[in-house]
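A short worksheet on the structure shown next.
Please treat every number below as a calculation from the coordinates, not as lab data. Being a predicted model, the structure only gives us computed values, none of them experimental. No Cβ is skipped: glycine too gets one built from the backbone with ideal geometry, and neighbour counts run over all protein chains shown.
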Amino acid sequence: MIALLKCFYKSYQINKIHPKNSFSRKVIFGLNKFKKGNFLNFGVSPRSVQRHNKKHTFRGYTAYAAISLLLALLSLTSAPMQTKAINILGIETSCDETAAAVVADGRIVKSSIVASQTKLHEKYGGIVPEIASRAHIEKIYPVITEAMEQAGVNKDNIDAIAVANQPGLTIALIVGVTAAKTLSLAWDKPLIAINHLHAHLQSAMLAKENLKLPAVALVVSGGHTCLYDYHSPLEPKLLGSTIDDAAGEAFDKVANILKLSYPGGPSIEKAAKNGNPNAIKFPRSMLGRDSLDFSFSGIKTAVLYYCRGQDMKGEDKVDSMNEQEIADIAASFQAAVVDVLVKKTQRATKNIGAKTILLGGGVAANSALRDTLQKMCDNAVPPKKLLVAPKQYCTDNAVMVASLGYHKFKAKLFADLTLEPKATGL
Ligand code: KG4
Ligand code: ZN
């Protein structure tokens, strides 16, 4: 391409001396030479120098350049320039999902494999770390293998390995981190450390080309509830987080109180569909006028007292409640949590003058939250753009890890083999 452009420039210089040459004549002349098999000689060591006068040679150069340019343009339109895609293998084991994915250029999902441990933990009503860790060890190899096979790639097509190393359960994270370090060493590929929460936000960015800044980002998961000032995928700045239970944790605990199935979020949402969100006025903890922190332990306790009495000595009323009563509690609880999440996000939006709001994490799959936040964005003056993670990428997955890994790869932010799992890190 560069050679062609050089040639075109050369012919352009010559053409300036002979401005009368018409474009079509140059092209026809060039095509004739092409037919005679002299095409490759054009512009390099033109035989026309011997057979034609100087003017013809100039025409030859120009024709060659014109044809070259046409061919180049044709190849551009028929087959887009083949710059090599950056394939990142993402690995996620921070909690109770063993996941691997291959993502090209940060947004083309080539594969996404998630082995959920829900069945193993449901009888305990929550995640048992030792069980989670053992299940990750069992699943990590088959999950990575399947992700590579589904993507149709081998190690030679992988540019880097990205792994969630914080925050999460240390004995769960260590499985993914060890696998990633091993592959990095064996395949001689760069290793990239990913913050699991920042990766959740990346899910909301999967479909977005241009992000209008400033932006506020809300992560609502089973272990965390965080608000960020989001300037780039690489460095979200923490504005506030939960001082006790996370939003997802509250959903799980309330589902447990209501004897709904685990995980609690989806079952509360399902039950709430038939309930009245105004049936019971559960408390909304705002933690002061300016606070951007969250607290959900109060509402969980309020549901508990509602079902078992203030002193917890009363009978467990849940067993004798009918479906509608359960639905009303679920809907009222969900409405209170959504209310707090949306009001805090609105507060942060005003504080930093945000134009865009990002939403990610397991609880972001909740339709009431998505819809209420969308309404808040639509009714704002001026309206805000809401970017929400696609539902299949709200709960833990490795697509978000590989996608964020791409941005770190571009920024050359690599880890080394001393990488450790860390329980904390917002
Ligand atoms: O992000 P995630 O998969 O794991 C963590 O990083 O913690 O989030 C899991 C949490 C669980 O607490 C689950 O109950 C909640 O997300 N969740 C939901 C919904 N789907 C999952 N919460 C409310 N509504 C949902 N539809
Ligand atoms: Zn998560």
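What FRET efficiency do you get for E420 and A186 if R0 is 22 Å and r is their Cβ-Cβ distance, rounded to the nearest 0.05?
0.70
Over the range 277-354, how many percent of alpha carbon pairs lie in each 10 Å bin up to the one with the longest distance?
18, 41, 26, 12, 3
Tell me, what ³J(HN,Hα) does each residue in the range 251-264 have, in order and in whole Hz, if you take phi through Karplus 6.51 cos²θ - 1.76 cosθ + 1.60 with θ = phi - 60° and put x for Gly and Pro?
4, 5, 5, 5, 4, 4, 4, 7, 6, 9, 6, 9, x, x
Please arrange M286, M148 by counting, for each residue, the other beta carbons lying within 10 Å of its beta carbon, fewest first.
The order, fewest Cβ neighbours first, is M286, M148.
Under the rule of at least 5 residues apart or a separate chain, name every residue whose amide H is placed under 5 Å from the amide H of A162.
L89, G90, I91, I192
Expressed as a rounded percentage, what relative contact order does the range 149-232 have, with Cα pairs under 8 Å and six or more residues apart?
24
What order, most packed first, do the peptides 266-279, 360-373 have when packing is the mean number of other Cβ atoms within 10 Å of each residue?
In decreasing order of mean packing, 266-279, 360-373 become 360-373, 266-279.
If the limit is 29 Å between Cα atoms, which of K139/K375; K253/K273; K208/K237; K139/K422; K270/K300 go over it?
K139/K375
Would you mind pulling out the separation of the Cα centroids of the range 83-138 and the range 310-375, in Å?
Between the Cα centres of the range 83-138 and the range 310-375 lies a distance of 26 Å.
Can you list residues from other chains, or at least 5 along the same chain, whose modelled amide H is less than 5 Å from the amide H of G361?
Residues meeting the criterion, in which the H sits 1.01 Å from N, are V220.
Can you compute the FRET efficiency between E323 and Q374 using 1/(1 + (r/R0)^6), with r the Cβ-Cβ distance and R0 = 41 Å? Round to the nearest 0.05.
According to the calculation, E is roughly 0.90.
Semi-axes, largest first, in whole Å: what does sqrt of 5 times each Cα gyration tensor eigenvalue give for the range 209-388?
31, 16, 14
Show me, for the range 152-169, the HN-Hα J-couplings you get by feeding each phi into the Karplus relation (A = 6.51, B = -1.76, C = 1.60, θ = phi - 60°), rounded to Hz, glycine and proline as x.
x, 10, 10, 4, 5, 8, 8, 8, 6, 10, 10, 9, 6, 10, 5, x, x, 7
Taking H as built 1.01 Å from N, whose amide H comes closer than 5 Å to the amide H of L239, not counting residues under 5 places away?
Distant-sequence amide H within range of L239: L227, Y228, D229.
Explain nothing, just compute: Karplus ³J(HN,Hα) = 6.51 cos²θ - 1.76 cosθ + 1.60, θ = phi - 60°, for every residue of the range 177-193 in order, whole Hz, x for Gly and Pro.
The phi angles translate into 5, 5, 4, 5, 5, 5, 5, 4, 6, 5, 8, 6, 10, x, 10, 10, 8 Hz.
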